[in-house]
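Values in this text are rule-based calculations from the coordinates and carry no lab data. Being a predicted model, the structure only gives us computed values, none of them experimental. FYI the Cβ positions are ideal-geometry reconstructions off the backbone, even for glycines, and counts take in every protein chain you see.
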Amino acid sequence: MEIETIAAESDPTDLPMIDKLAQEFGINVALHNHPKASRASQYWHPDRVLEACKGLSNRIGACVDTGHWVRSGLDPVEALRKLEGRIIALHFKDLKKGRDVPWGTGECNAEAMLAELKRQGFEGVFSMEYESHWTREDLAECVKFFHARCEKLVGKAVWPGGGREAGAIALLRDDGILLMTQGGHHSLGAWVLRQALIDPSDRKTVLKEQKEPFLWPEYEWEKKGFVGNTTVANGMVPFKAKWMLYYGAADRVIGLATCGMK
C-alpha cells in the first residue's frame, strides 16, 4: 500500500492487536491528541500516550499536535521532552489567543520546540496545520521561519530534497547528455541550477559537473514567494537561434532565461 504512517485515536485496549498488524505490514500508527475539552480527547496529555504505548513496539507512537497541547494548558516543549522516542509525526502549530498564526509569531515557543526536536534527532514528518483562517502567505511565512531556524540550529542552509537532484531538462549532445540539476547552495542560501554532463553509454557516470550555479535567485520576485530563494528548471526549447529556459521562481512565478545556441 506504500503507507508510512496512519494517524489515529484508537482505543488503548485495541493497541496490542494494532501493534501486531503495524509490525506485519510495516506501517506506523501515530496516536493523535485533541484538546482536553474535546470529546475525542483520550490522548490530550502525553502521559496518556506513554501509558498506552507501554510494552508496544516503536511502530506505535504519537502524532503530536503542538497547538492542541497549548489549548489544553500544557507546555509544548515539555510535552515533546516527555514523548522523546515515541514521536512519529507532527502537526506543528503556533497560536495567539487560541488562533493559528504563522510559526514564530505566537505563544507556542516554536523556536524552542524545533531546538528540542533537533536534540532528540527527530526525522519524521512536519505538517503545517491550520484549524481555520489561513492564507498562502501564512504558509509561506511558516516555511520561511522553519528554514531560518533550522539554518540557525545546524549552522548552514537547509533545503528540502537534499543537496542535489536531477532537474526536468536533459539534452543529448555529441559529447554526452547535458542534464540540468538543482539543489541547495550554502553560501547563497538558495536553491540553484547547475549543469552536469552524463556518459550516454553509462548513465550512472558523470563526466563533468558545474560546482557553481549558472542560474540562482537574484531578483526580488525570485527571492520572495511561497518558497523563497528558489529556482527550479521546468523546460527548455530552441527559438530563433536561442535556448529559452523556463524556470519556477520562489514557487510563485515562471521566469525565462535565454542564451545563444553556440
> To the nearest 0.05, what FRET efficiency results for MET261 and HIS186 with a Förster distance of 25 Å applied to their C-beta separation?
Replying inline: 0.15
> Just how large is the dipole of the range 5-154 about the Cα centre, in debye to the nearest 20, putting +1 at every Lys and Arg Cβ and -1 at every Asp and Glu Cβ?
Replying inline: 180
> Based on the alpha-carbon gyration tensor of the range 165-260, what equivalent-ellipsoid semi-axes (square roots of 5 times the eigenvalues) come out, in whole Å, largest first?
Replying inline: 24, 16, 10
> Under a 5 Å amide H to amide H cut-off, with H placed in plane at 1.01 Å, what residues pair with VAL125 once short-range neighbours are removed?
Replying inline: LEU90
> When TRP44, TRP69, TRP216, TRP243 are ordered from fewest to most other Cβ atoms inside 10 Å of their Cβ, what list results?
Replying inline: TRP243, TRP216, TRP44, TRP69
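Let me have the 222 nm mean residue ellipticity of the chain computed from DSSP H runs of 4+ only, each contributing -39500 (n - 2.57), with the sum over all residues rounded to the nearest 500.
Working: 7 runs with 66 residues, N = 262.
Estimated from H runs of four or more residues: -7000 deg cm²/dmol.
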> When only Cα pairs under 8 Å and 6 or more residues apart are kept, what is the percent relative contact order across the chain?
Replying inline: 9
> For LYS93, which aspartates and glutamates qualify as cross-link partners when the Cα separation must be under 16 Å and same-chain residues fewer than eight apart are set aside?
Replying inline: ASP65, ASP75, GLU78, GLU107, GLU111, GLU116, GLU129, GLU131, GLU137, ASP138, GLU141
>> List the pairs from LYS211/LYS240; LYS118/LYS204; LYS240/LYS262; LYS36/LYS144; LYS36/LYS96; LYS54/LYS152 whose alpha-carbon separation is above 24 Å, in the order I gave them.
In response: LYS211/LYS240; LYS118/LYS204; LYS36/LYS144; LYS54/LYS152
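If we count every other residue with Cβ under 12 angstrom of ARG252's Cβ, Lys/Arg +1 and Asp/Glu -1, where does the sum land?
Neighbour charge sum, excluding ARG252 itself: -1.
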> Using alpha carbon centroids, what distance separates the range 6-36 and the range 101-161, in Å?
Replying inline: 26
